[in-house]
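Quick notes on the structure that follows.
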Amino acid sequence: MYNDLKDKSYGELLEIVSSHQQKPLCAQYLFTFIHQKDATEIDAVTPLPKAFRQQLTSEGFVISSIDLLEQHDDPDGTIKFVFDLGDGAKIESVRLKDGDRNTLCISTQAGCRMGCKFCATGQLKFQRDLTAAEIVDQVYHAETICGRISNLVYMGMGEPLDNFENVMRSIELLNDKRGRNIGIRHITISTCGLPEEITQLAARQIRPRLAVSLHAPNDAIRSKLMRVGNKFPLEDIVNALRDYQRETGKRITIEYCTIDGVNDKIEHAKALLKRLKPLKINVNLIELNPFPGCRYKSSPTRQIREFAQILTQSGIETIIRFKRGRNIKAACGQLGATWLEEQ
Ligand code: SAH
Ligand code: SF4
């Protein structure tokens, strides 16, 4: 939204303030009240001169807020939040508790254009990109309910790199010391692997951690599971990741969902190793989570362990991600599953 002050960078707030002949300090008040103190109306930014507040309001400026519609608590400590974006679009975020870590998994789009066949979000109709304000607001709402969020993962609904600028803006807002001050090493973007955007990310000053959802050791299997597999061959993705690593020196997490009889054989693990040889990686194996209408099944635990063993034997740090939040349809790939039937 053009007039949404929550969506503005600090630099843009400075411009607005100076074009209204106000002191630069006013930009700091605005930023801190919006991003640290959860102000949702201009009048709540009390250090600003009253006349300036009135002027901003009469010019149509607002501080947006998304509405929390539902909260679902799983006995395993996972919490799912459902938000209403005000125009009929709905999204979900998930809080995961792990020792000291309070992680929030956030959405970047209502629906997803990538249409991966094993993912509930991918079966929903794509509605739209979220603004940066709508992305950061998921964090602000969650913090009022479950305390300081220590880690952020862009792994909810949508493909973050398909909404590149808004996602990068949201990260800058959340990382800013005048706002929430979430450390950049505690922020991870998960992508289905868009090579051009990976290259763009490498060139940015502020760079989060990167996780790439690969799910297959070759293009034939990948394009069966993921529509993007037809567009970008694995070779392009691996090349983009190699350049990314050369530029940033950062290790990349590979996400691999093990699907019964599709990509979970020993030979697949070996082929994956070969493919990823040029990269410095760690691997997260994810058990496939079911949703209504999903044609795939999770691999048996024994199979997943054997797959993991092949990788660890070659020195690749590998973890198996346990099912979390399944009771409330909050596990990986289940977001939006409850709306599939309505659709
Ligand atoms: N669009 C991004 C981020 C959101 S999906 C991406 O694809 O990476 C977050 C993770 O959940 C991805 O690794 C995705 O492959 C995985 N996922 C999707 N559907 C799943 C399912 N049914 N079971 C388990 N993981 C799933
Ligand atoms: Fe989109 Fe990620 Fe789901 Fe694929 S796995 S449809 S990219 S959200």
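The values are calculated or read from the model by the stated rules, or taken from the named source; none is laboratory data. In this text, all values refer to a predicted model and were calculated from it rather than measured experimentally. A quick note on method: Cβ atoms are made from the backbone with ideal geometry, for glycine too, and the neighbour counts reach across all protein chains shown. Quick note on the areas: whole protein, heavy atoms, side chains included, nothing else; ligands and nucleic acids left out. Shrake-Rupley method; radii C 1.70, N 1.55, O 1.52, S 1.80 Å.
In a simple Cβ point-charge model (Lys, Arg +1; Asp, Glu -1; nothing else charged), region 67-342 has a dipole of about 1000 debye relative to its Cα centre. For residue 37, a cut-off of 14 angstrom between C-alpha atoms picks up these aspartates and glutamates, skipping any fewer than 8 places away in its own chain: 137, 143, 176.
Taking Cα atoms only, the orientation of helix 234-248 departs from the longest principal axis of the chain by about 50 degrees. For region 1-66, which trypsin sites (Lys or Arg not before Pro) are in a loop by DSSP, counting at most 16 other Cβ atoms within 10 Å? Sites meeting the loop and neighbour criteria: 37. If you bin all the Cα-Cα distances of region 1-139 at 5 Å, starting from zero, the percentages per bin are 2, 9, 16, 18, 15, 13, 11, 8, 5, 2, 0. Here the accessible area is traced with a 1.4 Å probe on the protein chains. For region 212-308, carbon and sulfur cover 47 percent of it. Listed by chain and number, the aspartates and glutamates whose C-alpha is less than 20 Å from the C-alpha of residue 297, apart from same-chain residues fewer than 8 away, are 255, 260, 264, 267, 287, 306, 341. What relative contact order, as a whole-number percentage, does region 1-85 give when Cα pairs under 8 Å and 6 or more residues apart are counted? Relative contact order here is 25 percent. The residue among 195, 82, 122 whose Cα reaches farthest toward the positive pole of the charge dipole of region 67-342, with charges on the beta-carbon of Lys, Arg, Asp and Glu, is 195. Based on C-alpha pairs under 8 angstrom that are at least 6 apart in sequence, the chain has a relative contact order of 15 percent. Think of a 1.4 Å ball rolled over the protein heavy atoms: the chain then has 45 Å² of accessible area per residue. Using a 4.7 Å Cβ-Cβ cutoff, the cysteines of the chain lacking any partner cysteine are 26, 105, 112, 146, 192, 257, 294, 332.
Based on the reciprocal of the average 1/r between different C-alpha atoms, the Kirkwood radius for the chain equals 21.1 Å.
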